[in-house]
Amino acid sequence: MRILSGIQPSGRPHIGNYFGMMQPSIALQNEGDAFYFIADFHSLTSTHDPEQLRRNVLDLAIDFLASGLDPEKATFWKQSDVPEVTELSWILSCVTPMGMLERCVSYKDKIAQGISPSHGLFAYPVLQAADIILFDSNVVPVGKDQKQHLELTRDIANKFNDRYGEDLLVVPEPRIRESAATVPGLDGRKMSKSYDNTIEIFEETEKKLRKKIMKIVTDSTAVEDPKDPTDSYIVQLYQLFATTEQVSEMEDSFRAGGEGYGYYKQALFESIRDHFAPMREKREALLQDTGYVEDVLAEGAKKAREQAQEVIERVRSAVGIRP
Ligand code: ADP
Ligand code: TRP
């Protein structure tokens, strides 16, 4: 089983990225042939400062390795180090109907935000399809917001197979973890770098982490009154870190009343701090040894590129640009 996923180096990873993509990917590295990459080509649609991009790539590599990505088990590289992906993207774009891309929610969202779209932003899902198809990927762990892109990838692979020959391309399956399909942000909307509502997995200091958690939006129920745990973002976030018993305890305490929201936020703060503490230590060590991180990415690129040759040769020959 080939498992593959990618993440854009468009800022420091947050708890949504961690539970939606990073942790499931790390868990799957023991269950098959895992391929994970940093999608720097994709980031060019939004990051236009070259120094920033270089820094983001290294930071993200460090954060992912600190979080548990094991380069002995998983192949880990930077997307642009396997340039065959852009060739495949072009070939796939020639079987992709315009209408399919026009219907993409992530594209429509960006336009609604007033971003004037580049061709790259419009074609983004085709490059993503190429990322997946280039490695004969079977399973793609992502958050729920990527579901439509995965459907598009499946459609594109099927269209290619219809035109050029059955079973030429592997049709992948998304793997979306229900318990963390959409992690809420501080304001209750989907946690996202674009909404400025994130809790980073490695906030600079404990104080900053705590301050952010204290900002989680709540209603104005008085301290002594019973509170409804069902719609609370505090509880929803706590569920990601605490045991079932701890969550039940918090829910019971909500219903009983007598504690203010700050009390529950403190418990959430402690569970997040403790969860990431060992990874934070590992991160400190990696920051002192960026040469190692560069080596991991270079080695990963070599392995990924070898794998990519097989599929790109198959595709070139199928479409007729090679014998
Ligand atoms: P952002 O919206 O912050 O820019 P990305 O688009 O870079 O995040 O997402 C990277 C990965 O993290 C994707 O697999 C995405 O589905 C997942 N992800 C992002 N935000 C969340 C969230 N709030 N809940 C669950 N998964 C998420
Ligand atoms: N579009 C994905 C995101 O924003 C990142 C990505 C690029 C990706 N290529 C991919 C994810 C291939 C999975 C597979 O999160």
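The values are calculated or read from the model by the stated rules, or taken from the named source; none is laboratory data. All figures in this text were calculated on a predicted structure; none of them were measured in a lab. No Cβ is skipped: glycine too gets one built from the backbone with ideal geometry, and neighbour counts run over all protein chains shown. Side chains included, ligands, DNA and RNA excluded: accessible areas come from the protein's heavy atoms. Shrake-Rupley method; radii C 1.70, N 1.55, O 1.52, S 1.80 Å.
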Q) MET100 passes all but one of (1) of a type outside the set (Ser, Thr, Tyr); (2) in a helix (DSSP H, G or I); (3) over 30 Å from LYS159 (Cα atoms); which number fails? A) (3)
Q | Count of residues meeting criterion [of a type outside the set (Ser, Thr, Tyr), farther than 13 Å from THR45 by Cβ and part of a helix (DSSP H, G or I)] in the range 112-157 | A | 19
Q | So GLU206, is it assigned by TED's automatic domain parsing to the domain that holds GLY257, open to solvent by 80 Å² or more (accessible area, probe 1.4 Å) and more than 16 Å from ligand 2 (Cβ to nearest atom) | A | yes
Q: Check the range 46-63 and report whether any residue there is at pLDDT below 95, within 11 Å of ligand 2 (Cβ to nearest atom) and out of contact with any Asp or Glu (no Cβ under 9 Å at 6 or more places or on another chain).
A: yes
Q: State the number of residues belonging to the range 9-30 that are near ligand 2 (Cβ under 9 Å from one of its atoms) and crowded, with 21+ Cβ neighbours inside 10 Å.
A: 3
Q. Would you pick out the residues in the range 216-247 that are loosely packed, with under 14 Cβ neighbours inside 10 Å and under 29 Å from GLU284 (Cα atoms)?
A. THR243
Q: Within the range 89-130, count every residue that is within 16 Å of ligand 1 (Cβ to nearest atom), open to solvent by 10 Å² or more (accessible area, probe 1.4 Å) and within 24 Å of GLU306 (Cβ to Cβ).
A: 2
Q.
I'm trying to understand the selection: among the residues of the range 158-190, which are assigned to a loop (DSSP other than H, G, I, E, B), within 16 Å of ligand 2 (Cβ to nearest atom) and not charged (D, E, K, R)?
A. LEU169, VAL170, VAL171, PRO172, ILE176, ALA181, THR182, VAL183, GLY185
(Q) Suppose we keep only residues that are away from ligand 1 (no atom under 15 Å from the Cβ) and not β-branched (Val, Ile, Thr) within the range 164-187. Which one would you say is surrounded by the most Cβ atoms within 10 Å (Cβ to Cβ)? (A) LEU169
